[in-house]
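The values are calculated or read from the model by the stated rules, or taken from the named source; none is laboratory data. Keep in mind the model is a prediction, meaning the values are calculated, not measured. Every residue, glycine as well, gets a Cβ built from its backbone with ideal geometry; the counts of neighbours run over all protein chains shown. Each accessible area value is taken on the protein alone, full model and side chains, heavy atoms only, with ligands, DNA and RNA left out. Shrake-Rupley method; radii C 1.70, N 1.55, O 1.52, S 1.80 Å.
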Amino acid sequence: HAFFLTDLTMAIERTFSILKPDATERNLTGAINAVIEEAGLRIVAQRRIRMTDAQAKTFYEVHAERPFYGELVSFMTSGPVVVQVLEGENAVAKYREVMGATNPAQAAEGTIRKRFAKSVGENSVHGSDSPENAKIEIAQFFTDSDIVG
Ligand code: UDP
């Protein structure tokens, strides 16, 4: 296509998302993904899995020394999760905004965590906190050919 100045400023990004066991348990995957899609993010890869202990430990390795690590790993392996890749303009920051604060008590009105999360631990969704971590997290669960934009 012709070259436009907007090509330089538009940042089409990908981020990694998990619908956590408290969301699948309460049959909320569609309701949560409706919020994600309404925010303009596109689900370009998706798989429902049971996370293994090893996968959860690797995924949350940065929190290994935190007091909640053991509880977090057992929660993430306690039921099915939906792992997905979201694509859109500024997808990383946009999804973090739509998710809301880690603790639902501090999450803004209308955010996924304010609407659906049960507690600071069982908070319904994960989203990458930077484009660099998004790449690493996506690669833990998806190959390039799994992602259909
Ligand atoms: N978590 C927890 N207790 C805490 C802080 C975090 O159980 O005091 C869990 C919670 O599920 C959270 C995850 O650990 O989503 C990762 O924590 P992080 O600080 O990275 O929050 P997030 O990026 O998910 O908002």
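Here are a few things to note about the model shown:
- Signed unit charges on C-beta, dipole axis of the chain, positive-most listed residue Ile136, Asn123, Gly88: Asn123
- Cross-link reach list, aspartates and glutamates versus Lys57, counting only Cα pairs under 16 Å and skipping chain neighbours closer than eight places: Glu65, Glu71, Glu137
- Qualifying GluC sites (Glu not before Pro) in the stretch 88-119, DSSP loop, other Cβ atoms within 10 Å at most 15: Glu109
- Label positions at Asn27 and Glu61, each projected 7 Å from the Cα along the C-beta direction, are separated by 3.9 nm.
- Degrees, to the nearest 10: 131-141 long Cα axis against longest axis of the chain: 60
- Lysines with Cα under 16 Å of Lys118, excluding same-chain neighbours fewer than 8 positions away: Lys20
- Note on Lys94: aspartates and glutamates with a C-alpha under 14 Å away, same-chain residues under 8 apart excluded, are Glu13, Glu37, Glu38, Asp129.
- Dipole moment magnitude, nearest 20 debye, the chain about Cα centre, only Lys, Arg, Asp, Glu C-beta charged: 420
- Gap separating the Cα centres of the stretch 98-149 and the stretch 49-66, nearest whole Å: 15
- Gyration tensor verdict on the stretch 34-149 (Cα atoms; rounded if a/c is under 1.5, prolate if a/b is larger than b/c, oblate otherwise): oblate
- Element breakdown for the stretch 80-149 at a 1.4 angstrom probe: carbon and sulfur atoms account for 49% of the accessible area.
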